[in-house]
Amino acid sequence: MNGIILAIVIVFFLWLGRSILIPLLVATFLWYLINAIATYCRKIFPFNNDTDRKSRPVAARAFDWTSNILAVLVMCGLIYFLATQIRPMYHELVTALPGLQQQFIKFGNYLSSSLGITFDARMLPNIANIATNVGASVANIVTSTGMIIVYMIFLFVEQSTFNKKFSALIPNKKEYKKARFIVDSIDDNMKKYLFMKTVLSAITGVLSYFWLQMIGVEFAGIWAFIVFITSYIPTIGAIVACTLPILYSLVTAPSLQQPILTAIGLIGLQVIFGNILEPKFTGKTLNLSTLAILINLVFWGMIWGVAGMFFSVPLLVAIFIITAQFDSTRWIAVLLSADGKIPDKREEDAE
């Protein structure tokens with residue numbers, strides 16, 4: 001009974017504090033992503049192993065700063081692209097949505113008359129309202145930009161003291177090793193997941209843009225950006241990324257050629273990158289049950305909306321790794337896993 005009450009209190013706290021917690025989560029995500037990019041940039045630079053770093057500390061430190069600067073420039077470039085290209089195009093799309101809704105209704109009437117079924121226009125989702133709600137969710141995050149930047153600055157400033165604080169927080173040597181193992185596992189897996197996911201999502205978005213542009217689909221930049229963003233949302237993200245441009249092409253194109261080509265290109269890219277390449281590059285990081293991912297997606301979506309859906313997988317990965325490290329919670333990790341295989345547990349007496 002106490003556990004149920006505690007769970008309800010935690011959920012209520014998460015919902016009540018969403019205006020503070022979501023910007024903090026966004027800042028943490030960007031901070032992690034910048035560190036992940038910097039980590040992988042560092043691997044291509046000289047002095048990237050412990051021996052070289054000790055022998056040439058100044059040069060190693062210089063390359064560390066170079067990798068960090070490159071990572072920040074990548075993020076700034078993405079934000080600049082979003083502000084100058086995607087945002088104006090999104091406003092054009094929103095302006096065109098009422099007319100597009102009428103096109104959907106005409107298309108529904110055509111199908112109903114052709115197939116002999118009863119069609120009710122109220123059955124169709126109001127895409128204008130959906131787009132407005134999504135835009136409002138994104139706008140809420142954008143308006144918190146100042147808070148996000150402040151959080152990020154403090155995360156980078158405090159980053160060098162994390163290890164010292166962590167060791168002081170857990171003075172017991174055995175407990176420290178176990179906690180350190182858990183934190184390092186989360187850190188390594190999260191960096192790998194975020195970096196690989198971002199790179200593969202970006203490539204998928206770019207290829208989607210060129211494909212849609214080549215076959216003449218309007219608002220190719222918006223659809224490609226949606227492909228990029230929704231790639232972070234499991235299962236449903238891929239469906240949304242493919243369905244929206246396919247439906248748009250279906251009701252605006254003069255023939256079926258463009259919708260068919262749109263479907264072939266986008267679905268093909270999702271299969272190649274989402275089902276073949278991503279599992280190969282992320283490895284065991286996402287050895288998670290599809291059902292667990294969907295339940296987790298719905299849970300965070302109900303609490304934090306679109307932002308919760310976006311961060312649902314990283315949060316589940318962290319829970320998966322943590323619960324695998326304790327005998328009392330390993331059963332939770334087993335239920336969350338796809339095949340019953342869970343991360344190794346760090347033994348308390350391990351050296």
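In a reduced charge model with +1 at each Lys and Arg Cβ and -1 at each Asp and Glu Cβ, the range 177-257 shows a dipole moment near 460 debye about its Cα centre.
Given the pairs Lys197/Lys280; Lys280/Lys341; Lys43/Lys191; Lys177/Lys341; Lys191/Lys280; Lys177/Lys280, which span a C-alpha to C-alpha distance of over 19 angstrom in this model? Kindly include the intermediate steps, with their values, before the conclusion.
Details: Lys197/Lys280 11 Å; Lys280/Lys341 17 Å; Lys43/Lys191 14 Å; Lys177/Lys341 23 Å; Lys191/Lys280 16 Å; Lys177/Lys280 30 Å.
Flagged as over cut-off: Lys177/Lys341; Lys177/Lys280.
Sort the following peptides by mean Cβ neighbour count (other Cβ atoms within 10 Å, averaged over residues), highest first: 177-189, 216-228, 240-252, 9-21.
Working: 177-189: 17.1, 216-228: 21.7, 240-252: 20.1, 9-21: 12.5.
Peptide ranking by packing, descending: 216-228, 240-252, 177-189, 9-21.
Residue ranges 327-336, 157-166 sort as 327-336, 157-166 when ordered by packing (mean number of other C-beta atoms within 10 Å per residue, highest first). When both the range 255-308 and the range 152-202 are represented by their alpha-carbon centers, they are found 27 Å apart.
Using a/c under 1.5 as the rounded threshold, could you call the range 232-272 rounded, prolate or oblate? The axes a ≥ b ≥ c are square roots of the C-alpha gyration tensor eigenvalues, and prolate needs a/b larger than b/c, oblate otherwise. Oblate, since a/c reaches 1.5 and b/c is not below a/b. When Ile267, Ile342 are compared by accessible area of protein heavy atoms, the largest-first order is Ile267, Ile342, using a 1.4 Å probe. Once the 1.4 Å probe is applied to the protein heavy atoms, the range 197-347 comes out at 47 Å² accessible per residue.
The values are calculated or read from the model by the stated rules, or taken from the named source; none is laboratory data. Computed from a predicted structure; not experimentally measured. So basically every Cβ, Gly included, is an ideal-geometry build from the backbone, and we count neighbours across all protein chains shown. These area figures cover heavy atoms from the full protein model, side chains too; ligands, DNA and RNA do not enter into them. Shrake-Rupley method; radii C 1.70, N 1.55, O 1.52, S 1.80 Å.
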